[in-house]
Amino acid sequence: MPSLLFYLFALITLGFGLMVVLARNPVTSALSLAMSFVGLAALFLSLDAYFIGIIQILVYAGAVMVLFLFIIMLLDIKSEEGKSFNLKAIVGGVVLAAVLAVQIAAVASSYGPGRTNLAEARLDLPAAAEYTKLPTIANDLRAGTLPDAKLVGQSLFQRYGFHLQVIGLLLLVGTVGVVVLSKREKEVN
Amino acid sequence: MITLNHYLIVSGLLFSLGLAGVVARRNILIIYMCLEMMLSAANLTLVAFTRFHVTDGLPDFTAQSLVFFTITVAAAEVAVGLAIIVALYRTKRSVETESVTQLQG
């Protein structure tokens, strides 16, 4: 049953990903991308990464896609119907992507450690409770749940506190940059 | 059973789809969407390796904090990129790559 769900969500992710590339109407592309991200979030959940899966839906399928749709509708972009194809770019893109996909598939299928399945890489929560120092995480582990938001938070704030602040600064710079970029320049006479 | 390779191949295919879109499409907005798709494919690889690298009975959460950083950077990148696209549309009245040829030799 879990393997059936994997194939279902992999198909949703890749199928709607293909729709993004093929659709002629930008609104169709944007909505397909949102669906593709939902499928990807389900794949994250199947990997026991609940926090990342929820973040994927909130940030990508929520905030980023709304921003995209807002810009598409603000600019009033027409679909490309009736326009001639750029044959060179399309052939180049398809060949490049096919070569890369074959390469990745060849490397991945000959990668020995990659043959471990989810049952072999089993999580041992009661044993992990013995190793953790924080009581709140240890209690969750003993109760049989995986407190992955707490564990990601522990990793972020204990090991990568400085990097987290740099990312905060990056968001601030990004916000200021967007405001500067979207300000209309005054007419120069 | 689903192995690590299954996830790696799905991630590789998603990345290739994004690459094909970036090279083949002419609408800058769709190129941007395909860039987001490639970033997410990289995230899937990181999360898959996280899950299959079990230390002390738990997944290795170091890579998941890297995924958190990637998602944050991608969000900032989208905001700035869309502002640039809007500024471009104001001057060129188009979001096609053919309309931006000022630096062409």
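The values are calculated or read from the model by the stated rules, or taken from the named source; none is laboratory data. What you see is a predicted model; the values in this text were computed from it and never measured. Quick reminder, even Gly has a Cβ in these numbers, built from the backbone with ideal geometry, and neighbours come from all protein chains shown. Side chains are part of the model used for accessible areas, which takes the heavy atoms of the whole protein and leaves out ligands, DNA and RNA. Shrake-Rupley method; radii C 1.70, N 1.55, O 1.52, S 1.80 Å.
A compact table of results
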quantity	calculated
Criterion (outside the structural domain of A:T145 (by TED's automatic domain parsing), of a type in the set (F, W, Y) and under 20 Å from B:S16 (Cα atoms)) met by exactly one of A:F68, A:F37, A:F51	A:F37
Where A:A119 falls short, out of the listed (1) surrounded by 12 or more Cβ atoms within 10 Å (Cβ to Cβ); (2) within 7 Å of another protein chain (Cβ to nearest Cβ); (3) assigned to a loop (DSSP other than H, G, I, E, B)	(1)
Pair list, Cβ under 6 Å, 6 or more apart: segment B:86-105 residue more than 22 Å from A:V180 (Cβ to Cβ), other residue of a type outside the set (D, E)	B:E96/B:R26; B:T97/B:R26; B:S99/B:K92
Cross-chain or 6+ apart pairs with Cβ under 8 Å, segment A:159-185 first and facing chain B (nearest Cβ under 7 Å), then open to solvent by less than 90 Å² (accessible area, probe 1.4 Å) and among the charged types (D, E, K, R)	A:G174/B:E77
Any pair with Cβ under 7 angstrom, 6 or more apart, that starts in segment B:12-29 at a residue that is at the interface with another protein chain (Cβ under 7 Å from one of its Cβ atoms) and ends at one that is among the polar types (S, T, N, Q) and open to solvent by 10 Å² or more (accessible area, probe 1.4 Å)	B:R26/A:N86; B:R26/B:T97
Residue list for segment B:30-70, filter: within 10 Å of the chain's Cα centre (by Cα), under 19 Å from A:D48 (Cα atoms) and within 7 Å of another protein chain (Cβ to nearest Cβ)	B:S40
Odd one out for B:D60 among (1) in contact with a His (Cβ under 7 Å, 6 or more places away or on another chain); (2) open to solvent by less than 10 Å² (accessible area, probe 1.4 Å)	(2)
Residues located in segment A:36-50, provided they are more than 7 Å from chain B (Cβ to nearest Cβ) and either β-branched (V, I, T) or in contact with an Asp or Glu (Cβ under 8 Å, 6 or more places away or on another chain) (or both)	A:V38, A:Y50
Of all residues making up segment A:6-35, the number that are more than 7 Å from chain B (Cβ to nearest Cβ) and not aromatic (F, W, Y)	15
Check on B:V73, surrounded by 16 or more Cβ atoms within 10 Å (Cβ to Cβ), within 22 Å of the chain's Cα centre (by Cα), β-branched (V, I, T) and assigned to a helix (DSSP H, G or I)	no
Helices (runs of 4 or more DSSP H) wholly inside segment A:124-189 containing at least 3 residues that are more than 30 Å from B:I85 (Cβ to Cβ), open to solvent by less than 60 Å² (accessible area, probe 1.4 Å) and in contact with a Cys (Cβ under 7 Å, 6 or more places away or on another chain)	none
Odd one out for A:G114 among (1) more than 8 Å from chain B (Cβ to nearest Cβ); (2) of a type outside the set (A, V, I, L, M, F, W, C); (3) open to solvent by less than 70 Å² (accessible area, probe 1.4 Å)	(1)
Residue check for A:L141: more than 7 Å from chain B (Cβ to nearest Cβ) and either touching a helix residue (DSSP H, G or I) at 6+ places or on another chain (Cβ under 6 Å) or in contact (Cβ under 8 Å) with a residue 60 or more places away in the chain (or both)	yes
Which numbered condition A:G53 fails, given (1) surrounded by 19 or more Cβ atoms within 10 Å (Cβ to Cβ); (2) free of Cβ contacts under 8 Å to residues at least 24 places away in the same chain; (3) within 7 Å of chain B (Cβ to nearest Cβ)	(3)
Residue identified as polar (S, T, N, Q), open to solvent by 30 Å² or more (accessible area, probe 1.4 Å) and modelled with pLDDT under 90 among B:T97, B:T3	B:T97
